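Visitor: Submitted below is the structure of interest, expressed as structure tokens.
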Amino acid sequence: MTSTTRTAPPLLKPLARGLLLAALVGASLPAMADEQGDRIKALEARLETSLKLIEQLSARLNTVEQGKTGGAVAGAPNTEQAQALAALQANVAQLNESLSKQSHDTGLPVHGFADVGGGWSSGKDPVKLRGFNGGTLDLYLTPQFGQRVKSLIELAVEYGVDGGVALDMERLQLGYTINDDLTVWMGRFHTPMGLWNTSFHHGANLQTSVFRPRFIDFEDKGGFVPAHSVGVWFSGKTGTDSGRVTYDVFVANGPSIKDRTLDFRGFTDNSPNKMLGFNVGFQPKGSLAGLTVGVHGFGSQVDSIKADDSVFASTKLQMTGAYLGYDADDWEILGEYYRFSNTDQATGAKNGSNAWFGQVGKTFGSFTPFVRFESTSLSTADAYFTSQESGRSYKRTALGVRYALDPKSSLKLELSNTRENAVTQLDADGGAAPFAATSYRRAAIQYSAAF
Amino acid sequence: MKTRLFKNLGRVAVLLAAASLAQHVVAGEVIAHASVELGAAEVRDVFVGDKVLAGGTKLVPVDNAAAQAEFLSKVVQVDAVKYTALWTKKSFREGLTAPASKGGDAEVIAFVKSTPGAIGYVSGHSAGVKVISKY
């Protein structure tokens, strides 16, 4: 008799807990991903309090029922009540299952980088630093569309040298993962040359320095190689006993030069000559872990175009080079070399040029001082360079320090000195545009964050 | 005198053996959904984004906030700061999404049980779920 009356609380307790849990988790379903942690903690606290209350109520109910029945036999459980209980338990189980499945669907996380800064530069610096600047806001999304389909969408909002704000679709690439060793991307992507361009790009907080090496800067900011491409990109890596081999092959719209700026042709390409490129790297294991060495190259026909769309020069661009990176034991070393063997399509003349940079940094606690050397030696007869406003031989020495405020933000200081050679360039219509030798100094600070 | 010496030596030996055993105590388990076919040697690759598929199934790694430090130290062999930096770079360059983070063992087990391709880790023994390796 006594044992019969005691069966009620054990049945009610899990049911009550289940109902409470169902109500609580049901209420938490629409919560946003960022709020889930806090909400779960609050819900757990509420659950704990409620469970205590339920236990108290169950104990009291037990006492009341004992008094009511006066020790009478309770008899067989009510069938209707048992069915209702079973249905409710099934509902609770479904809600739990549903919650588990939804918990990894955190919506569409937005990542990004932001940087602000300021600086000063002497008269001939094309960047003309004189005070503070708003920097860049870079937002990117990585939505996944299923087992193998993924994407990378990146938007950048940045101030130009003229103070205007520009919105750029930095990347819009859809990928298909064939296997762990190969992904095929299509769309607009960061040209897989060297290491810097794909590793850092607009992610200011990822790079140690304030500025990119000038010759691989963005096309509209002084870079004279295509930092962006639109086409198809095969990218992958495979492990070997001694390390990992990385590889990239791409075919993209062939760039052209218009208004003295390299245009990677983001929408259409009326030239039949597409750009082809590759990048093969090796990352050894063991004592050399952290090292990356590789070779890279690209080629295309590049037309220099007047404002009326007529071509005033045509160059067969052919670049091959090598790179090195080391990121271990608090050392950060980066070096890239580009060798150009371009051919003037009108005369057949070959023109050799080269460009390189090397940067070394070492971390001491939160501080990473660094030094970088950049050098370009460009043929003055090569229309690929002389058609571009920044296509001049130069040397730059930069040094600075990055202070990590925390893993996601940093303060940087960079000082640099640049010397540019005299050269007769081509203006936007192919006319002579003499440039006198110059030099300038620059000091810049940057406050950057990743989120 | 000799007996006392032997006793002390015995105690030292027992202590040394206990210390040695303590170093090999298993701290946790790497668990996965029943659909996941994966070797213990591949676990690190999954959590650094180098392995994204297993037998045609997309892997869904999930972190366990309560057990992360030990797992990162023993299995991934990086600290939390480097792990975060690694995933920031990985996400930016390759379009991968960093593992979601769960609050503790119970949440990880519930997620892994109900999510095809899921792989996680717990601080203790986990009954009723596929164990890939122990660390």
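Visitor: Which one is most open to solvent (accessible area, probe 1.4 Å), of the residues in region A:228-254 that are within 14 Å of chain B (Cβ to nearest Cβ) and among the hydrophobic types (A, V, I, L, M, F, W, C)? Before you say what the answer is, go through the steps one by one.
Guide: Quick first cut of region A:228-254, residues within 14 Å of chain B (Cβ to nearest Cβ) only: A:233-241, A:243-248.
Filter once more, so that each one left must be among the hydrophobic types (A, V, I, L, M, F, W, C): A:233-234, A:245.
Numbers: A:W233: 7, A:F234: 88, A:V245: 41 Å².
Out of the qualifying residues, it is A:F234.
Visitor: With respect to A:D406, is the statement that it is open to solvent by 30 Å² or more (accessible area, probe 1.4 Å) and of a type in the set (D, E) true? I'd like the intermediate steps shown before the answer.
Guide: Working: open to solvent by 30 Å² or more (accessible area, probe 1.4 Å): yes; of a type in the set (D, E): yes.
So A:D406 fits the description; yes.
Visitor: Answer with yes or no whether A:L206 is open to solvent by 10 Å² or more (accessible area, probe 1.4 Å), hydrophobic (A, V, I, L, M, F, W, C) and either within 12 Å of chain B (Cβ to nearest Cβ) or more than 17 Å from the chain's Cα centre (by Cα) (or both). Before you say what the answer is, go through the steps one by one.
Guide: Values: open to solvent by 10 Å² or more (accessible area, probe 1.4 Å): yes; hydrophobic (A, V, I, L, M, F, W, C): yes; either within 12 Å of chain B (Cβ to nearest Cβ) or more than 17 Å from the chain's Cα centre (by Cα) (or both): yes.
Yes: the conditions hold for A:L206.
Visitor: Cβ contacts < 9 Å: first residue at the interface with another protein chain (Cβ under 10 Å from one of its Cβ atoms) and of a type in the set (V, I, T), restricted to region B:78-95; second residue open to solvent by less than 30 Å² (accessible area, probe 1.4 Å) and in a helix (DSSP H, G or I), any location; separation 6+ or different chain. Result?
Guide: B:T88/A:N205; B:T88/A:L206
Visitor: May I ask you to say which residue of B:A110, B:A69, B:A106 is more than 14 Å from chain A (Cβ to nearest Cβ) and of a type outside the set (D, E)? Can you show your working first?
Guide: Details: B:A110 fails: more than 14 Å from chain A (Cβ to nearest Cβ); B:A106 fails: more than 14 Å from chain A (Cβ to nearest Cβ).
Residue meeting the stated conditions: B:A69.
Visitor: Looking at A:S439, A:S366, A:S379, A:S375, which one is among the polar types (S, T, N, Q) and within 14 Å of chain B (Cβ to nearest Cβ)?
Guide: Working: A:S439 fails: within 14 Å of chain B (Cβ to nearest Cβ); A:S379 fails: within 14 Å of chain B (Cβ to nearest Cβ); A:S375 fails: within 14 Å of chain B (Cβ to nearest Cβ).
Of A:S439, A:S366, A:S379, A:S375, the one residue that is among the polar types (S, T, N, Q) and within 14 Å of chain B (Cβ to nearest Cβ) is A:S366.
Visitor: Additional query: Conditions: (1) modelled with pLDDT of 95 or more; (2) open to solvent by less than 30 Å² (accessible area, probe 1.4 Å). A:A328 meets all but one. Number of the miss?
Guide: (1)
Visitor: Related question: Somewhere in region A:172-179, is a residue assigned to a loop (DSSP other than H, G, I, E, B) and not aromatic (F, W, Y)?
Guide: Step one: of region A:172-179, the residues assigned to a loop (DSSP other than H, G, I, E, B) are none.
Looking through region A:172-179, none of the residues is assigned to a loop (DSSP other than H, G, I, E, B) and not aromatic (F, W, Y).
Visitor: Can you say whether A:L152 is facing chain B (nearest Cβ under 9 Å) and touching a residue at least 12 places away in the same chain (Cβ under 8 Å), as far as the supplied structure shows?
Guide: Values: facing chain B (nearest Cβ under 9 Å): yes; touching a residue at least 12 places away in the same chain (Cβ under 8 Å): yes.
In short, yes.
Visitor: A:R130: within 14 Å of chain B (Cβ to nearest Cβ), among the charged types (D, E, K, R) and touching a strand residue (DSSP E or B) at 6+ places or on another chain (Cβ under 8 Å), yes or no? Full working, then the answer.
Guide: Values: within 14 Å of chain B (Cβ to nearest Cβ): no; among the charged types (D, E, K, R): yes; touching a strand residue (DSSP E or B) at 6+ places or on another chain (Cβ under 8 Å): yes.
Answer is no for this residue.
Visitor: A further question on this structure: Tell me, which residue of region A:161-182 that is within 12 Å of chain B (Cβ to nearest Cβ) and among the β-branched types (V, I, T) is farthest from the chain's Cα centre (by Cα)? If you could, list the steps in order and put the result at the bottom.
Guide: Step one: list which residues in region A:161-182 are within 12 Å of chain B (Cβ to nearest Cβ), which gives A:170-182.
Subset that is among the β-branched types (V, I, T): A:177-178.
On the way: A:T177: 18, A:I178: 21 Å.
Once the filter is applied, the top-ranked residue is A:I178.
Visitor: Just wondering, is there one or more residues in region A:298-308 that are outside any strand (DSSP E or B) and in contact (Cβ under 8 Å) with a residue 40 or more places away in the chain? Walk me through it before giving the result.
Guide: Residues of region A:298-308 that are outside any strand (DSSP E or B), as a first pass: A:306-308.
Next, from what is left, pick out any that are in contact (Cβ under 8 Å) with a residue 40 or more places away in the chain: A:306-307.
Yes - at least one qualifying residue is present in region A:298-308.
Visitor: Touching a residue at least 60 places away in the same chain (Cβ under 8 Å), loosely packed, with under 15 Cβ neighbours inside 10 Å and either under 30 Å from the mean Cα position of the chain (by Cα) or over 30 Å from B:T84 (Cβ atoms) (or both): which single residue out of A:R441, A:R419 fits that description? Steps first, answer last, please.
Guide: On the way: A:R419 fails: touching a residue at least 60 places away in the same chain (Cβ under 8 Å).
Of A:R441, A:R419, the one residue that is touching a residue at least 60 places away in the same chain (Cβ under 8 Å), loosely packed, with under 15 Cβ neighbours inside 10 Å and either under 30 Å from the mean Cα position of the chain (by Cα) or over 30 Å from B:T84 (Cβ atoms) (or both) is A:R441.
Visitor: Residues in region A:123-141 that are touching a residue at least 60 places away in the same chain (Cβ under 8 Å), in a strand (DSSP E or B) and open to solvent by 60 Å² or more (accessible area, probe 1.4 Å): how many? Reasoning before the result, please.
Guide: As a first pass, look at region A:123-141 and keep what is touching a residue at least 60 places away in the same chain (Cβ under 8 Å): A:123-127, A:129, A:135-136, A:138.
Applying the additional criterion that residues be in a strand (DSSP E or B) yields A:135-136, A:138.
Now narrow it down to the ones that are open to solvent by 60 Å² or more (accessible area, probe 1.4 Å): none.
Number satisfying all stated conditions: 0.
Visitor: So A:Y159 passes all but one of these: (1) modelled with pLDDT under 90; (2) within 20 Å of A:F234 (Cβ to Cβ). Which condition number does it fail?
Guide: (2)
Visitor: Look through A:Y440, A:Y384, A:Y403 and report the one residue that is farther than 26 Å from A:Y338 by Cβ and either assigned by TED's automatic domain parsing to the domain that holds A:E154 or outside any strand (DSSP E or B) (or both). Before the answer, list the steps.
Guide: On the way: A:Y440 fails: farther than 26 Å from A:Y338 by Cβ; A:Y384 fails: farther than 26 Å from A:Y338 by Cβ.
It is A:Y403.
Visitor: Now, a different point. From B:V46, B:V62, which residue is part of a helix (DSSP H, G or I), within 13 Å of chain A (Cβ to nearest Cβ), under 15 Å from the mean Cα position of the chain (by Cα) and not charged (D, E, K, R)?
Guide: Values: B:V62 fails: part of a helix (DSSP H, G or I).
Answer to the selection: B:V46.
Visitor: Of all residues in region A:156-171, how many are assigned to a strand (DSSP E or B) and either among the charged types (D, E, K, R) or open to solvent by 70 Å² or more (accessible area, probe 1.4 Å) (or both)? Step through it out loud before you land on a result.
Guide: We begin by selecting, within region A:156-171, every residue assigned to a strand (DSSP E or B); these are A:156-159, A:165-171.
Those still in the list that are either among the charged types (D, E, K, R) or open to solvent by 70 Å² or more (accessible area, probe 1.4 Å) (or both) too: A:158-159, A:165, A:167-171.
Count: 8.
The values are calculated or read from the model by the stated rules, or taken from the named source; none is laboratory data. Note that the structure is predicted; figures quoted are calculated from it, not measured. All Cβ positions, even for glycine, are placed from backbone atoms using ideal geometry, and neighbour counts span all protein chains on display. Heads up: the accessible areas ignore ligands, DNA and RNA and are worked out on the full protein's heavy atoms, side chains in. Shrake-Rupley method; radii C 1.70, N 1.55, O 1.52, S 1.80 Å.
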